[in-house]
Amino acid sequence: MDWLRNFWRHFSFKKAPPVPSADMDAFYFAFEEHFRGSEAEISRRLADYLPYLTAVSAETPLLDLGCGRGELLQLAKKHSLAAQGIDTSAAMVNRARSQGLEVTKAPALPYLRKQPDERFGAISAIHLAEHLSFAELFALCREAYRTLTPGGVCIIETPNPENVTVGAHTFYNDPSHRHPLPPQLLEFLLQYLGFSHTEIRRFRPIEAIPHGKNQRQNEANKLLFGPTDYAVVARK
């Protein structure tokens, strides 16, 4: 059998060396800059959440998980709302800090686990959930519930797989995405963990949904042209 072992030793494929984390960080920063949209555009989108954040204060601030460039934090600052963020990307953290924002470099779940009960008035995760395994998402939402004040709000936004273009194609543009999350699943998860007054909000259709000749065409048009993102907003 020596000849067989030698054969496989000669033709076996070696694992590619890991890409340095700094290189991946730089790539993902450039990826976000190219695909996500300008800071002004993202800020305009996130303004939809301002009515939910009115209760945050210096004692119970907003915590933005995966805050990226800091658009939501900047928006909160402009409206005199206390806010802080965390992100694992050094490039994103540096970008946010350069704007005078309070941002910590840390992964979301370990950071939340270190926080005391009822620490935050609001917790947001904008396009973070799709980067996590379901077990991680479950634990993250449970920790969010624990660390929110009574009446606090949890906002989780993610790509909307009800739009078939998103679910079958554009979701996978990002190599760090795990799997799409149907809105009903995410809403049920938050309800299961104790959140109440949940609502699903859908945003950013590809274009105005055309009116079909019958109900079947209308349903098909929703699948093709409907909202590309959604959020579940829930209260503790």
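At R0 = 30 Å, how high is the FRET efficiency between residue 106 and residue 165 if r is their beta carbon distance? Nearest 0.05 is fine.
Working: r = 34 Å, r/R0 = 1.13.
The formula returns an efficiency of 0.30 here.
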(message) If amide hydrogens are placed 1.01 Å from N in the peptide plane, which non-local residues have theirs closer than 5 Å to the one on residue 198?
(response) 235
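Among 48, 174, what is the fewest-to-most ranking by other Cβ atoms within 10 Å? Each step should come with its number before you reach the end.
Details: 48 14, 174 17.
The fewest-first ordering by Cβ neighbours comes to 48, 174.
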(message) For the ranges 182-192, 152-162, 67-77, what's the packing order if you count other beta-carbon atoms within 10 Å of each residue, average per peptide, and put the highest first?
(response) 67-77, 152-162, 182-192
(message) Please compute the modelled spin-label separation between residue 39 and residue 173, points set 7 Å along Cα→Cβ, answer in nm with one decimal.
(response) 2.1
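Which of 171, 203 comes first, and how do the rest follow, when ranked by fewest Cβ neighbours within 10 Å? Present the calculation step by step, with values, prior to reporting the outcome.
Working: 171 21, 203 13.
Placing the least packed residue first, the sequence is 203, 171.
No value in this document is a laboratory result; all are computed from the given coordinates. Just so we're clear, the structure is a prediction, and the values are computed from it rather than from any experiment. Cβ sites come from the backbone with ideal geometry, for glycine too, and all protein chains shown count toward neighbours.
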